[in-house]
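I have placed the structure first, in the form of structure tokens, so that the comments after it can refer back to it.
The values are calculated or read from the model by the stated rules, or taken from the named source; none is laboratory data. Values in this document were obtained by computation on a predicted structure and should not be read as measured data. In this analysis, Cβ positions are derived from the backbone assuming ideal geometry, glycine residues included, and neighbour counts consider all displayed protein chains.
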């Protein structure tokens, strides 16, 4: 059944690229929540969903919306992540801010771009640009800055507009701080 679903997803992905999409992302909460099953047949489903796709693809491994799944329920590491290094997906989106994920696993994903979640969406507190920069820096010992795409942990839909805007501004400013540091170091 998973492979049949993946075939349908493949058609949708191809249709999105045909319509002009630059990047298509698959949101995948199942693999993190059920790593044994993901290893058993989930990787084959991802491969099937991306079979023949020529555009830029991403996958988001979700811990659950921050407004629903609070810190105490989120693990500090992914039970299923590095296995995606063997799939055709080009970008892997992970949450690192709210769960404070150990970024060392990124060392084993050198052939992928990482969409690095740096905004904690479980709180209405707006991060400073320095807090965001520090979250980006946590990944730099394990993956090159060229491979990092800075993003929120997940969707912003549960946040008030002003809070979401403030967090996004901090994200942009934090990324600029790190970009300047990386550029100066070269």
Could you tell me which numbered condition residue 162 fails, if it satisfies all but one of (1) more than 16 Å from the chain's Cα centre (by Cα); (2) modelled with pLDDT of 95 or more; (3) within 21 Å of residue 107 (Cα to Cα)?
(3)
Among the residues of region 43-63, write down those that are in contact with a helix residue (DSSP H, G or I) (Cβ under 9 Å, 6 or more places away or on another chain), under 20 Å from residue 7 (Cβ atoms) and either at pLDDT below 90 or not in a helix (DSSP H, G or I) (or both).
50, 51, 52, 53, 54, 55, 57, 59
Subset of region 4-27 [in a helix (DSSP H, G or I) and under 21 Å from residue 82 (Cα atoms)]:
6
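Which of the residues spanning region 28-42 are under 25 Å from residue 17 (Cα atoms) and outside any helix (DSSP H, G or I)?
Within region 28-42, 28, 29 qualify.
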